[in-house]
Amino acid sequence: MNRLIYTHENRLLVELAKSKLEVAGIPVFLKNEFAQGGAGDLAPHQTWPELWLERERDYERALQLLADAEAEQVSWRCRKCGEENGAAFDFCWNCQHLHSP
Ligand SMILES: [Zn+2]
């Protein structure tokens with residue numbers, strides 16, 4: 001059985017997730033890849049691109065891989081005090097040091 005593993009309104013994020021899983025050797029495919037723009041009467045989320053697994057048994061592993069990838073993206077470590085900060089913040093919450101990627 002195929003199984004939906006990930007969907008997001010931002011097609012780039014879905015493609016990023018796809019390449020993460022492909023690198024790990026998990027067979028995946030996209031649905032609704034080109035659906036955006038012609039949404040018509042559909043609710044927006046119904047036209048989000050979807051990332052599907054070829055094999056349902058890969059689900060747990062794929063979920064873990066995506067969670068790891070997300071953890072890498074959503075935080076940064078302050079160079080001054082070493083504190084971990086969310087990606088949404090430009091300044092360290094602890095010492096107000098400006099984050100420069
Ligand atoms: Zn800091």
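May I ask you to list the residues in segment 6-22 that are aliphatic (A, V, I, L, M) and more than 14 Å from Asp68 (Cβ to Cβ)? Across segment 6-22, the qualifying residues are Leu12, Leu13, Val14. Which ones in segment 18-35 are modelled with pLDDT of 95 or more and on the phi > 0 side of the Ramachandran plot? Result: Gly25, single match. Check whether at least one residue in segment 85-92 is of a type in the set (S, T, N, Q), surrounded by 11 or more Cβ atoms within 10 Å (Cβ to Cβ), in a loop (DSSP other than H, G, I, E, B) and modelled with pLDDT of 80 or more, and report yes or no. Looking through segment 85-92, none of the residues is of a type in the set (S, T, N, Q), surrounded by 11 or more Cβ atoms within 10 Å (Cβ to Cβ), in a loop (DSSP other than H, G, I, E, B) and modelled with pLDDT of 80 or more.
Only one of Glu9, Glu15 is assigned to a helix (DSSP H, G or I), of a type in the set (D, E, K, R) and modelled with pLDDT under 95. Can you tell me which? Steps first, please.
Values: Glu9 fails: assigned to a helix (DSSP H, G or I).
Answer to the check: Glu15.
Sub-9 Å Cβ pairs linking a first residue in segment 84-101 that is free of Cβ contacts under 8 Å to residues at least 40 places away in the same chain and more than 9 Å from the ligand (Cβ to nearest atom) to a second residue that is among the charged types (D, E, K, R) and not in a loop (DSSP other than H, G, I, E, B), at least 6 apart or interchain, are Glu84/Arg77, ordered by first then second residue.
For segment 50-84, a residue qualifies if it is part of a loop (DSSP other than H, G, I, E, B) and of a type outside the set (Gly, Ala, Ser), and the qualifying residues are Glu54, Arg55, Val74, Cys78, Arg79, Lys80, Cys81, Glu83.
The values are calculated or read from the model by the stated rules, or taken from the named source; none is laboratory data. Please read all numbers here as calculations on a predicted model, not as lab measurements. Heads up, the Cβs are rebuilt from the backbone with ideal geometry, glycines too, and the neighbour counts pull from every protein chain shown.
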